[in-house]
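Working notes, structure below.
The values are calculated or read from the model by the stated rules, or taken from the named source; none is laboratory data. Values in this document were obtained by computation on a predicted structure and should not be read as measured data. Glycine gets a Cβ as well: all are built from the backbone with ideal geometry, and neighbour counts include every protein chain shown. Please note that ligands, DNA and RNA were not included when accessible areas were found on the heavy atoms of the full protein model with its side chains. Shrake-Rupley method; radii C 1.70, N 1.55, O 1.52, S 1.80 Å.
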Amino acid sequence: MNYTLHQLEIFARIAETGSVTKASEILNLTQPAVSIQLRNFQAQFDVPLTEVVGRKIFVTDFGREIASAANTILEQVYAINYKTGTYKGQLAGRLRLAVVSTGKYVMPHFLGDFLKLHPHVELIMDVTNKRNVIESLESNEVDLCLVSLLPKKPEIDKLDLLPNKLYLVGNHDYQFSNSGDPSDIYGKSTIIFREDGSGTRQTMEQYLLRNHIPIHKKLQLTSNEALKQALLAGIGISIMPLIGLKNELNNGELKIIPTKNLPIRTMWSLIWPKAKKHGPVAEAYLQYLRENKQKIVDERFGWYESFSE
């Protein structure tokens, strides 16, 4: 057999996610490249590693054993790399994060300089919806999670990073009532929601319920970017976090619709289970943020902090 570490990692991620597409996203590879490496890896075994039923890929029992062995080998390789850095007196290891989808506009700014300071730290960041983030938290799969709504369970500790502000948004042609009456605005428009499990959707639904606003027509989209494109196309209106709308607001493609009881204000926070014992990398990162958080906010989010509708 002549398989490579690259092939082991690809197969391990396919087994973990149950999807060639998701594995390619995690590894920053194209889907065809992942499929080719999977095929080449499979060719070295007489027993099937996967099977395709319909359009879904399933890992066989034998494949799961191979995936487990692959993860063990990869962990040993990572350990060698980390020990090399540690021997040189450098911080080394993995930092595992789970980030709600809109948090992709937040988290990179709080990571960039830390990763430059510690080049032997390997970042693994899963960007997904809130439901999946909390599942990662509860199963202890990650060091830290970024959310804008705190979960009721489990009991957590947190580090607040940045206020989160949500506004009602439409495209540049949208005509709205000057009264700002929510019932008047929402009753005449198609309202676009994020998918179930999204923190933005949860916040939006709570607002609508709290203000007794009936919805006559609605759509559901499964990503922040898809929702933004629907707004740009004039399909409807939605309540969205300001953090992901900088360019569209600046160039006039989207606009804030003045509405009573908006914006909604929450907080972007890193969270972790209260009883969790952090490793050296996660502990160093939290200490870095405690010391540098305000500087990052001032330098990277000045437009956001000063924004007024």
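Which of the lysines could be linked to Lys152 by a straight reach, that is with a Cα gap under 27 Å, when you skip same-chain ones fewer than 8 residues away?
Lys104, Lys130, Lys165, Lys274, Lys276, Lys277, Lys293
Provide His6, His278, His216 ordered by accessible surface of protein heavy atoms (probe 1.4 Å), highest first.
Result, largest first: His216, His6, His278.
Could you work out the helix-only [θ] at 222 nm for the chain, with each DSSP H run of four or more residues adding -39,500 (n - 2.57) and the total divided by the number of residues, to the nearest 500 deg cm²/dmol?
-13500 deg cm²/dmol
Which of rounded, prolate, oblate describes the range 165-309, given a ≥ b ≥ c as roots of the alpha-carbon gyration tensor eigenvalues and a/c under 1.5 marking rounded, otherwise prolate only if a/b is larger than b/c?
prolate
Could you point to the residue in Val121, Tyr304, Asn261 farthest towards the positive end of the chain's charge dipole, with +1 and -1 charges on the Cβ of Lys/Arg and Asp/Glu respectively?
Asn261
Return a whole-number percent for the relative contact order of the chain, with Cα pairs under 8 Å and 6 or more residues apart as the contact set.
20 percent
Listed highest first by mean packing, meaning other Cβ atoms within 10 Å per residue, what order do 243-254, 192-203, 44-55, 164-175 come in?
So the peptides 243-254, 192-203, 44-55, 164-175, ranked by packing, come out 192-203, 164-175, 243-254, 44-55.
Please compute the length gained on full extension between Ile36 and Asp113, using 0.36 nm multiplied by the number of residues separating them and subtracting their Cα-Cα distance.
That works out to 24.2 nm of additional length.
Could you list the trypsin sites (Lys or Arg not before Pro) in the range 64-164 that lie in coil according to DSSP, counting only those with at most 14 other Cβ atoms within 10 Å of their Cβ?
Qualifying residues, ordered by number: Lys88, Lys152.
Out of all DSSP beta bridges with both ends in the chain, state the antiparallel percent to the nearest 5.
Roughly 60 percent of the DSSP beta bridges within the chain come out antiparallel.
How much length, in nm to one decimal, is gained on full extension between Glu122 and Phe62, taken as 0.36 nm per residue of separation minus their Cα-Cα distance?
Computed gain between Glu122 and Phe62 is 18.6 nm.
Pick out, from Asn28, Leu38, Thr4, the residue whose Cα sits farthest towards the positive end of the charge dipole of the chain, with +1 on the Cβ of Lys and Arg and -1 on the Cβ of Asp and Glu.
The listed residue farthest towards the positive side: Asn28.
Ranked from highest to lowest mean number of other Cβ atoms within 10 Å per residue, what is the order of the peptides 286-293, 36-43?
36-43, 286-293
Whose amide H sits under 5 Å from the amide H of Ile257, counting only residues 5 or more places off or on another chain, with H placed in the peptide plane?
Placed amide hydrogens put Leu168, Val169, Gly170 under 5 Å from Ile257.
Need one word for the range 47-163: rounded, prolate or oblate. Basis is the Cα gyration tensor (sqrt eigenvalues a ≥ b ≥ c); a/c below 1.5 gives rounded, then a/b vs b/c decides.
Judged from the Cα gyration tensor, the range 47-163 comes out oblate (a/c at least 1.5, b/c at or above a/b).
Just tell me, in residue order, which DSSP H segments of the chain are both 30 angstrom or longer along the helix axis (alpha-carbon based) and at least -0.5 in mean Kyte-Doolittle hydropathy.
61-87
Over the range 1-82, what is the relative contact order in whole percent, taking alpha-carbon pairs under 8 Å and six or more residues apart?
Worked out over the range 1-82, it gives 34 percent.
Work out the length of the dipole vector of the chain about its Cα centre, built from +1 on the beta-carbon of each Lys and Arg and -1 on the beta-carbon of each Asp and Glu, and round it to the nearest 20 debye.
That gives the chain a dipole magnitude of about 440 debye.
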